[in-house]
Amino acid sequence: MNDDTPAARTGLVRMWAAAALVTLPLIIIGWSLLVSWNSLPDDLPTQWSGKVVVSWVPTLWFAVVVVLIAGVAAAFAWQAAVSRHSYQRHDRVFLISGSIAAVAATAWLISATVVHDHDHEIGIAILFAFAAMLYGLIPFAIGRTDFPMTGEPQPTGLDAEPTGTVAWSQTQVAPIFVWATVASGVVAIAFGFVPMILIGIQVTNSSIAIVAPILTVIFFATMRVHVTVDQRGLRARSATVGVRLVSVRLEAISSASVTILEPLRWGGWGYRVGPRGKALVLRSGPAIVVTLPNGADVAVTTPDAEQAVSVLQALKHRQGDSN
């Protein structure tokens, strides 16, 4: 197997990044133990009935259990990243182990921070337990390899499909959403989770800890987009989480053209909806613009918009001939 190709190296980096994200809850547990161990009581609350604590466990025992759970989850993730032949679906390993590690870390953080409150009320902290179950989606998305891990080259640009239809595809990275993902993640940790550990759960830090991760996921989903033009029409989907962002059927396209799109004229970056139509704005510059029968436009920014529009026009011409 040839691993010395750009596709193979990128795949390895993505799997290592996914394994690192699965390890992050373990690091957070360890860091919280270092900074708050001396201030923790001998026992921590683990179960509530309304506002009343009904179950306590020794702090040391609780810490050992969550460290073991998060540690084992991280070990499985790293095994999947390093030994690629161990599992058929590495992304599922990252999904399951990431969620398990996050739930363990969240259980520890909730119990360790609630003790700072005089009444030991769990309050809205329970929301983090539900959110933690979705954490595995992040390493799952990053660990997915849509390209061959055997080092086989991927087709790019114009490709001939088995039916003889010409198709075009391109994957692009939106720098603004890369930086937005990093920034929102830093805000979530620095102004949400860390203050919760140090001073307990409050309205301010809990709100940041809920909102910032949601924004992080949204930015992460749009920072890398795969655009395709083929006999099915124009499609754009997130290359990180696989969510379809734009889909216009070929028969629904009246015309296609190229324009220079300025994000501010469409109200900013991202998925925009306005009187002019819809647009997926990832950067300023060339964009594919398709006009629908009702006169509305659908635009997608991409550096190679001219070639994409040429393919769309050829497909429409071929569709007209067949009719």
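Things worth noting here:
- Residue within the stretch 301-323 that is part of a strand (DSSP E or B), farther than 30 Å from residue 137 by Cβ and not basic (Lys, Arg) present: no
- Within the stretch 262-280, the set of residues being over 16 Å from residue 172 (Cα atoms) and either outside the structural domain of residue 308 (by TED's automatic domain parsing) or out of contact with any Phe, Trp or Tyr (no Cβ under 7 Å at 6 or more places or on another chain) (or both) comprises 262, 264, 265, 266, 267, 268, 273, 275, 276, 277, 278.
- Looking only at the stretch 287-300, and only at residues there that are without any contact (Cβ under 8 Å) to a residue 24 or more places away in the chain and in a loop (DSSP other than H, G, I, E, B), the one that is nearest to the chain's Cα centre (by Cα): 296
- Residue within the stretch 32-39 that is assigned to a helix (DSSP H, G or I), closer than 22 Å to residue 133 by Cβ and either touching a Pro at 6+ places or on another chain (Cβ under 8 Å) or modelled with pLDDT of 85 or more (or both) present: yes
- Some residue of the stretch 281-295 being surrounded by 14 or more Cβ atoms within 10 Å (Cβ to Cβ), charged (D, E, K, R), closer than 22 Å to residue 173 by Cβ and out of contact with any helix residue (DSSP H, G or I) (no Cβ under 6 Å at 6 or more places or on another chain): yes
- Number of positions in the stretch 259-275 that are charged (D, E, K, R) and surrounded by 15 or more Cβ atoms within 10 Å (Cβ to Cβ): 1
- Residue list for the stretch 232-257, restricted to those being surrounded by fewer than 16 Cβ atoms within 10 Å (Cβ to Cβ) and not small (Gly, Ala, Ser): 232, 243, 244, 249, 251
- Qualifying residues in the stretch 244-262 (those that are hydrophobic (A, V, I, L, M, F, W, C) and part of a strand (DSSP E or B)) - the one nearest to residue 316 (Cα to Cα): 256
This table checks each residue for (1) in contact (Cβ under 8 Å) with a residue 40 or more places away in the chain; (2) at positive phi; (3) of a type in the set (Val, Ile, Thr).
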{"position": "229", "(1), (2), (3)": "yes, no, yes"}
{"position": "234", "(1), (2), (3)": "yes, no, no"}
{"position": "240", "(1), (2), (3)": "yes, no, yes"}
{"position": "247", "(1), (2), (3)": "no, no, no"}
{"position": "256", "(1), (2), (3)": "yes, no, no"}
{"position": "261", "(1), (2), (3)": "yes, no, no"}
{"position": "264", "(1), (2), (3)": "no, no, no"}
{"position": "268", "(1), (2), (3)": "no, yes, no"}
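- Any hit, the stretch 263-276, residues being modelled with pLDDT of 85 or more, part of a strand (DSSP E or B) and more than 30 Å from residue 183 (Cβ to Cβ): no
The values are calculated or read from the model by the stated rules, or taken from the named source; none is laboratory data. All values reported here derive from a predicted model rather than from experimental measurement. Ideal geometry is used to build each Cβ from the backbone, glycine not excepted, and the neighbour counts take in all protein chains shown.
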